[in-house]
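Notes for the one structure printed next.
The values are calculated or read from the model by the stated rules, or taken from the named source; none is laboratory data. All of these numbers come straight from a predicted model, not from anything done at the bench. Methodologically, a virtual Cβ is constructed for each residue, glycine included, from the backbone with ideal geometry; neighbour enumeration extends over all protein chains shown.
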Amino acid sequence: MSDEEQNLGGVGGSGAPESRVPPKKSVFSDDFDDPDRRDDLDELPDDEPLTPELVEEEAIRGDFMLRWAVVLLAVLMAFTQISDTRPLVLIRSGDYMRANGFLPPRGTDPLSFTMEGRPITNTGWLFDHVVSLAWSLGGYYGLTALKVLGAGLFAFLLTRISIPGLPTWWSSVCAAFAVVACSQDFVPTHELAGLVLLAYLLNLLLAHRLGRGEGLYWKLPALLALWSNLDPRAWIGAVVVLLYAFGSLRHRRSLVRSGANPDRLPTRLGATAGLCFAALLVNPFPVASLAAPLTQYTREYPAMQLQKSLRPELAASQFDNRVDYYSALAPGAVSLFDHTHVAALVVLLFAGATLALSVGSEQAESGGRGPIATGIRGFVRMVLLPFVGTGHRGAREAGFVMMFWGLGFLCVLKAHELPAAALVAAAVAGISAQDWYRRSFSMTYTVDSSELLFSRGGRAATVLAMTLMGFAVATSRLPGSAPLGFGFDPETRITLETVSQQLKSLDPGAHVLHTRVDQGDMLIWNGRKSFIDSRVLPFSSAQYPLFDQHDNVRKSLLRAPASTESSDPKEKERLQAEQTKNIAAAKETLTQYGVTHFMIRLAPPGSPDYDSMLTLTASGEFVPVSIEASAALLERVSGQAAPETVAAKMPNFIRKAFADAKQEMKEVRIFARPQGFYERYIYRQRPATSAERRQAQHYMALANPNPGNVQEAANGIALLTLAIRSLNLSLQGNPDETEAWVMLGQAYVRLSNLEVLVSGTDPSPRLRQTRYFQAVAAFRQAVKTNPNWIQAWEGLMNSYQLMQRQDLLLEALDKWLALAETTTVLPSQQEKFEEFKTQCYAQRRELEDMITESDSQLDKEIERQIAANAEAMKQQTAAADGKDQALDPDMADAEEAREAIMSAAVANRSGRPRRALNVLQEKNAMIRKLPMGVVLLGQLLLETGEMEEAYLLLLGISEQASKQPEIFFGTEWQLPLAISQLGVCDYTTAAATWGVQMADMERELSKSAVYSLPIYSLPLVADSNYQINGALPVWPFRHATLLAQQINGSNEPLADLALMQAIVKLEAADLDGAKTILQRIVTEFGETRARGLALVYYSMVDRDSQKVLEPLSFNPWEEFEFPGEPRPPAQPAAGAPGSPGGPGGAGPGAGPAGIPGLPAGGNPAGGDPGALPGPVRPQP
């Protein structure tokens, strides 16, 4: 169509309109649709044939992915919280250098009082600046970012160590093992800098091996110069260069002898190695930098061995890399290897195997040999190479062989070099394997099924293995692994915070001798000066052997004197003289450095060091001035100090518990939850002990379980009260702390015993029952969170035995015995444990026989009571309306429910609560309609551990009783309800519950009918009303007797309920409310059973209790003065503050040097909460 025709609207020359054809759409349009190709588009594309080129591309992509997977694994393993205190010292060191110039101090140590005025060295000073700046810029986030960046850079450099053009799958495998092996050094300390720089150094040496070593003569020395200022172990890099240079020289000589082209000879590195050692002198402390290998192996490692023993009972609970300071072949060290050490040994094995194959395959005659023969031949040549060489063949790997043997030898000396050796081994294994693979196999990819299986399957398995390792890191499944996150791990952070708070009250000029190196780091962190710390080298020289002096002080003054008994008199004399000499040297050390305080470790890991605190206090030269969650501070006192002055320095736990305490439980506590699938099988959190639980453990250790007088008992009550408050606070934050629940149950049991002891009798059946339920509830919550916690079942055994709950005791015995069969104990406790287990088996047999025999008697008793009750109900019904209503369905259900309640009540009174609960649960729907049944069911649920169900059930009872009190008449629903409320620390509501019961009781006692009996004994009232034809009594005596009995009978339950309210308020630290109630018990209710315990508590709560008690104190005996005898001095009222037996006095049983309640020997706690159970206490 012409342009003119188009302009005419498509009309042809004839004038007729031409049919319009829509333009064809472009294939690039969004709505393109080709009808002719619809069928083709619906079909799937044909499979592209697999070619060697595609296989190669796939392998290259897989290798790329694996290399970055290694980097991500390193980043993940570095993104964990820090449990090492060494960064604290580096931060403060860097802060000091920035504030006082830039270079490190030389003539004195600003961080320790033992090295003041003495020269020190700090060869890694530059990295102190790096860590300090990271902290200044980002705090905890900055420290974590520093170690994540360092670990990622280290892994990136490691994955670059490979021969270009060859597969890197095996190199990535070795690199992954090296990352795991080096992960213990992924901490912002000098070792992290050393790993990064060593990885870069290996890249430079690889370039030399590949013939691209231009500029190594200045790059390597420059690298070592920088390294020497970042890491005291820079000498390892110089040694690696020297070993490689020696092996390279062997290789060069073999090539010269074989007549190789001079252009192909490797560059000489001998002079470069010498320059590397010279570069170590580029340091503010050149001599110390160069002599670092000698000082570390002769001073640092032996000094740390004094601090970190390989004893299994100490090392098993402390993942602090203590094996690093021992030989990798030491039996004690090998038994403590974790995943990092195992990974290092595996990659070393890989390196040895691949080196042997590579060296063996270099021989001309090895072409027809198998891999095993080639490997054996190569290993022999590896062994001979350092001494006699290998001739003109097999020397290409000589540099790597020398590096392998050299680093392996360092690991044999000390395991601290295992990460560096693993890094070198990974590089050696990767390069050697590539070389051997290139010489032994075809470099052409094929589509053969076996090769595809090897290529694809191997890489897939590697990805899966790295994924599993990453999963283990993320879920804390590795031994001793810290959780992912920023900053310090919870355990270390709690220790830092509590020690910092404790040191605020200490004299700024105090010289503190601490028992552990990490405590010295914490002192430096808080602006104090240490005795020794993690820098080690300044304190371990021959001129200033502070580590030796520190160890002697610990062994001589903080441990019980060793036995000097010997059959040889001369040997005995020698031992005594040596012991005396050591003690004198230890005291001289204290005087030399002006030590004013001791800091004893009470923080995890491991059990608190109570023995050192006890031994030091017993010496009389030190007294405890502060016992907090993580440490105990003891102050040196003069022998001429007045007892009052010494006593004023010590902590007053009675005042802390009952005068200075503040209410801290703001919310009710939630119930414990059993571990779910995720907690049991996926995520395993490293246990952390809260500050409150630590403090509670110390309180329980100080509370004397067998007090000798009222003072010790009062101190014990105060300490156990403090422990209960602390444990409740800890459980409020984490209700799934199994050990805290066990400790809480133990605290309630011990507190109940002391309350009975100080009152002289059972002060309150209601209180005794409450303490029993509180202990049982705590133990039951413990087994809910961890059913295999043997100490919880032991606590239930003791509690059920004490209350004669037979079937529940049998359940606890069965569970304990099952767990005892798989429990591992220390050898020293094995005999006692087996003896106790035998007793438990015998007790179980007796209990089973007893239950079997009592079943028939119990059935008969239940049938008798049910029949009697049915007959009574039948008579009552007949008398009421004269017709039988037994066929009424509602009446039948009610009668069936009453029979079930009666059966359960009989079983419960007979010591069979489990049977009683089963009876009620069978009729659960009907039982819940009767108030008495609901109360009994709630009580049984509390006793059997169903705390949450009981709480909700009894909470409904409370609401119903407030609306319809008449239906609960005669049923004491308040006691189980209040106990359930105490189980969630709802103190206000629990006190109100007993307050309601007390108000109801006072209302009933105010009625005149209560006093009808004393009224009949008044004058002018005929006595015949009481006794016909009886002798007429003298009315005043009869009236007084009856009135006293009535008043006492009325006051006894009121005092009991008031005491329960006071106990609740004391546990809640509502001291004012408790004081008011206790004062009322003492002054208004007369001589009740509750008065004795109330008097003890009141004297501790009210400092002015003496003013209230004096008017109430009288002596029924008349004074009589014997002629010639002096008049005895007046004594304060018993139980009053300041009296010999009162809570404020310093009675003779106050413990060594006045530590309240501290026993004179042994473990004050009678074993830590995790100790093995002792014999079940017999029924009193």
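Residues that are at pLDDT 90 or above and closer than 30 Å to residue 665 by Cα: find the helices (runs of 4 or more DSSP H) completely inside the stretch 901-1020 holding 2 or more of those. Passing ranges, in order: 931-943, 947-963, 974-982, 987-1005. If residue 624 satisfies all but one of (1) surrounded by fewer than 20 Cβ atoms within 10 Å (Cβ to Cβ); (2) of a type outside the set (A, V, I, L, M, F, W, C); (3) closer than 15 Å to residue 512 by Cα, what's the number of the condition it fails? It is condition (1) that residue 624 fails. Can you confirm whether residue 712 is modelled with pLDDT under 85, among the charged types (D, E, K, R) and not assigned by TED's automatic domain parsing to the domain that holds residue 591? So residue 712 fails the test.
Just one of the listed residues (553, 517, 536) is surrounded by 13 or more Cβ atoms within 10 Å (Cβ to Cβ), touching a strand residue (DSSP E or B) at 6+ places or on another chain (Cβ under 7 Å) and β-branched (Val, Ile, Thr), namely 553. The test for being part of a helix (DSSP H, G or I), within 21 Å of residue 1100 (Cα to Cα) and among the acidic types (Asp, Glu) holds for residue 712. When 970, 945 are checked against the criterion of being free of Cβ contacts under 8 Å to residues at least 12 places away in the same chain, on the phi > 0 side of the Ramachandran plot and either in contact with a Cys (Cβ under 7 Å, 6 or more places away or on another chain) or not acidic (Asp, Glu) (or both), 970 stands alone in meeting it. Within the stretch 647-681, the set of residues being exposed (fewer than 13 other Cβ atoms within 10 Å of the Cβ) and of a type in the set (Phe, Trp, Tyr) comprises 677, 678, 681.
Exactly one residue out of 818, 812 is over 21 Å from the mean Cα position of the chain (by Cα) and either touching a residue at least 12 places away in the same chain (Cβ under 8 Å) or crowded, with 24+ Cβ neighbours inside 10 Å (or both), and it is 812.
Taken over the stretch 645-685, residues that are at pLDDT 85 or above, part of a helix (DSSP H, G or I) and of a type in the set (A, V, I, L, M) amount to 5. Listed here are the helices (runs of 4 or more DSSP H) enclosed by the stretch 1047-1145 that have at least 2 residues being at pLDDT 90 or above: 1071-1084, 1091-1101. Flag: residue 271 does not match the condition of being surrounded by 15 or more Cβ atoms within 10 Å (Cβ to Cβ) and in contact (Cβ under 8 Å) with a residue 24 or more places away in the chain. The set of residues in the stretch 543-561 that are closer than 22 Å to residue 105 by Cα and free of Cβ contacts under 8 Å to residues at least 24 places away in the same chain comprises 543, 545. If you check residue 788 against the conditions, is it modelled with pLDDT under 95, surrounded by fewer than 24 Cβ atoms within 10 Å (Cβ to Cβ) and assigned to a loop (DSSP other than H, G, I, E, B)? Here the answer is yes, as residue 788 does meet what is asked. Just so you know, in the stretch 148-168 the residues that are at pLDDT below 95 and either among the basic types (Lys, Arg) or surrounded by fewer than 19 Cβ atoms within 10 Å (Cβ to Cβ) (or both) include one that is nearest to the chain's Cα centre (by Cα), and it is 160. When the stretch 357-387 is limited to residues that are at pLDDT below 70 and in a helix (DSSP H, G or I), the one that is nearest to residue 255 (Cα to Cα) turns out to be 364. Among the residues making up the stretch 744-781, those that are free of Cβ contacts under 8 Å to residues at least 60 places away in the same chain and over 20 Å from residue 981 (Cβ atoms) are 749, 750, 753, 754, 756, 757. Being without any contact (Cβ under 8 Å) to a residue 12 or more places away in the chain and surrounded by fewer than 18 Cβ atoms within 10 Å (Cβ to Cβ) is not true of residue 133.
This table checks each residue for (1) of a type in the set (Ser, Thr, Tyr); (2) surrounded by fewer than 16 Cβ atoms within 10 Å (Cβ to Cβ).
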site	(1), (2)
547	no, no
557	no, no
565	no, yes
580	yes, yes
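Contact map, the stretch 686-698: first residue closer than 30 Å to residue 472 by Cβ, second residue surrounded by 23 or more Cβ atoms within 10 Å (Cβ to Cβ) and hydroxyl-bearing (Ser, Thr, Tyr), Cβ cut-off under 6 Å, separation 6 or more or different chains; pairs are 690/730; 693/730.
The residue that is farthest from residue 206 (Cα to Cα), counting only those in the stretch 410-452 that are assigned to a loop (DSSP other than H, G, I, E, B) and of a type outside the set (A, V, I, L, M, F, W, C), is 448. All conditions but one from (1) among the basic types (Lys, Arg); (2) crowded, with 20+ Cβ neighbours inside 10 Å; (3) not in a loop (DSSP other than H, G, I, E, B) apply to residue 574; the one that does not is (2). Of the residues examined, residue 432 is not one that is without any contact (Cβ under 8 Å) to a residue 12 or more places away in the chain and under 20 Å from residue 361 (Cα atoms). Could you say whether any residue in the stretch 206-216 is within 17 Å of residue 75 (Cα to Cα) and assigned to a loop (DSSP other than H, G, I, E, B)? Within the stretch 206-216, none of the residues are within 17 Å of residue 75 (Cα to Cα) and assigned to a loop (DSSP other than H, G, I, E, B).
If I filter the stretch 451-465 for residues that are of a type in the set (S, T, N, Q) and within 23 Å of residue 68 (Cα to Cα), do I get at least one hit? Checking the stretch 451-465: at least one residue is of a type in the set (S, T, N, Q) and within 23 Å of residue 68 (Cα to Cα). Quick one: is residue 465 touching a strand residue (DSSP E or B) at 6+ places or on another chain (Cβ under 8 Å) and at pLDDT 80 or above? No; evaluated as a whole, the condition is false for this residue.
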